[in-house]
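Working notes, structure below.
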Amino acid sequence: MAEKRDYYEVLGVSKGASADEIKKAYRKEAKKYHPDLHPGDKTAEAKFKEINEAYEVLSDSDKKARYDQFGHAGVDPNFSGSGGGGFDGFGDFGDIFSDIFGGFGFGGARRNGPKRGADIRKIIELTFEEAAFGCKKKITLNKTEDCSACHGTGAKAGTSPETCSRCGGSGQVTTQTRTPLGYMRNVTTCPECHGSGKIIKEPCQTCRGSGKVRRERTIEVDIPQGINDGQTMQISGGGEAGTKGGPTGDLLLTIRIKKHEIFTRDDFDVYITMPITFVQAALGATIKVPTISGVVEYDIPPETQTGSMFRLRGKGIPYIRGKGRGDQYVKVEVETPKNLSAKQKELLRQFDGTTEAKNYKKRNGFIDTMKEIFK
């Protein structure tokens, strides 16, 4: 059997350490090696047991005195002068673990304390313009609220919930079981009050003793300008009611923006593809361009090629915080005319006959490259 390490060494304290220093050291080491933080790690589990064993002895003044005098033999169950055996209870282990881990591992968290209400999540659909410039939207919610008849107590008007006599209001009952290692303490939910710590003898007729009712509420929400698709707005206190005096949850609104007929969006910039005629592209022209704020005029330069992109500064989406706006980008596509008359076709043939290679640099460059590949 492996020799046990010195308990003071296990906790990392000196032999003359005070009770507070020992307790503080135990908190630190127990948190570091708790099995819930290292699932499946046998080494951490072994260290955790060793730390518990050391603290179980050093936190008890009698056992500590025997250990200081006789070493490990002084706290051995078979030692004639020990007067007790190994783990004869966990002392204030449960309180310590409640502080460190919220109670899990030694009886579970207290269940009768205040609890925050659940969040409510909803998806809200906006038009392109509503998201760009902001708007007000009415949202209908079906949510849990404190009962107005009993003010959330669950007890009939004029009465109050009484403290559970079984658990003394803690919501938990403690039992001890004798094991080969000593007495093990087990903390469970009180079967009398089901963990609430209170007994309601005369329930409220409106909420039937629950203290909560479901109601439909319509609220108005301010949607900020510039909000984007997929973003979530948090409305504090807009969720479900808390219990035992706990705070109300939040309302979380996820934004979905409807597709626009001509505009697309990239963050705060707007994009549009605009058709122009061959003549406008060749000679240049002043065209009317739609923006989210209205129609503006823009001068297309001569010899504009299809696919060219032009930038309209400050014509995009307003910034969600602060002043200023993004830009709008206009991509032009030269449209080939259809349903030409015989005269129009003849005029185009005459025009094509008067053009030279220098008029079609890209086209002739492509033909020269093709000849090189297939010569």
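Considering only segment 28-59, state which residues are in contact (Cβ under 8 Å) with a residue 40 or more places away in the chain, assigned to a helix (DSSP H, G or I), within 21 Å of V75 (Cα to Cα) and open to solvent by 40 Å² or more (accessible area, probe 1.4 Å).
E50, E53
Just one of (1) open to solvent by 50 Å² or more (accessible area, probe 1.4 Å); (2) out of contact with any helix residue (DSSP H, G or I) (no Cβ under 6 Å at 6 or more places or on another chain) trips up I287, so point out which.
Just one mismatch for I287, condition (1).
Over 24 Å from A73 (Cα atoms), under 33 Å from the mean Cα position of the chain (by Cα) and open to solvent by less than 20 Å² (accessible area, probe 1.4 Å) - does that describe any residue in segment 5-27?
No: segment 5-27 contains no residue that is over 24 Å from A73 (Cα atoms), under 33 Å from the mean Cα position of the chain (by Cα) and open to solvent by less than 20 Å² (accessible area, probe 1.4 Å).
Take segment 280-307 and flag every residue that is part of a strand (DSSP E or B) and either touching a strand residue (DSSP E or B) at 6+ places or on another chain (Cβ under 6 Å) or in contact (Cβ under 8 Å) with a residue 40 or more places away in the chain (or both).
A285, T286, I287, K288, V289, T291, V295, V296, E297, Y298, D299, I300
Give the residue that is farthest from D267 (Cα to Cα), with candidates limited to residues of segment 322-339 that are open to solvent by less than 80 Å² (accessible area, probe 1.4 Å) and in a loop (DSSP other than H, G, I, E, B).
Checked segment 322-339; the qualifying residue farthest from D267 (Cα to Cα) is P337.
Show the residue pairs meeting these rules: Cβ distance below 6 Å; 6+ apart or different chains; first residue within segment 340-362 and in a helix (DSSP H, G or I); second residue surrounded by 10 or more Cβ atoms within 10 Å (Cβ to Cβ) and modelled with pLDDT under 80.
A357/N364
Specify the residue that is surrounded by the fewest Cβ atoms within 10 Å (Cβ to Cβ); the eligible residues are those in segment 237-254 that are within 16 Å of the chain's Cα centre (by Cα) and not small (G, A, S).
Among those that are within 16 Å of the chain's Cα centre (by Cα) and not small (G, A, S), it is T254.
Those residues that are touching a residue at least 60 places away in the same chain (Cβ under 8 Å), under 25 Å from A241 (Cα atoms) and exposed (fewer than 15 other Cβ atoms within 10 Å of the Cβ), I need them from segment 159-214; list them, please.
Selection gives R214 alone.
The values are calculated or read from the model by the stated rules, or taken from the named source; none is laboratory data. On a predicted model such as this, the values are computed, not experimentally measured, just so you know. Reconstructed Cβ throughout: ideal geometry from the backbone, glycine too, with neighbour counts over all protein chains shown. Surface areas here come from the heavy atoms of the whole protein model, side chains and all, with no ligands, DNA or RNA. Shrake-Rupley method; radii C 1.70, N 1.55, O 1.52, S 1.80 Å.
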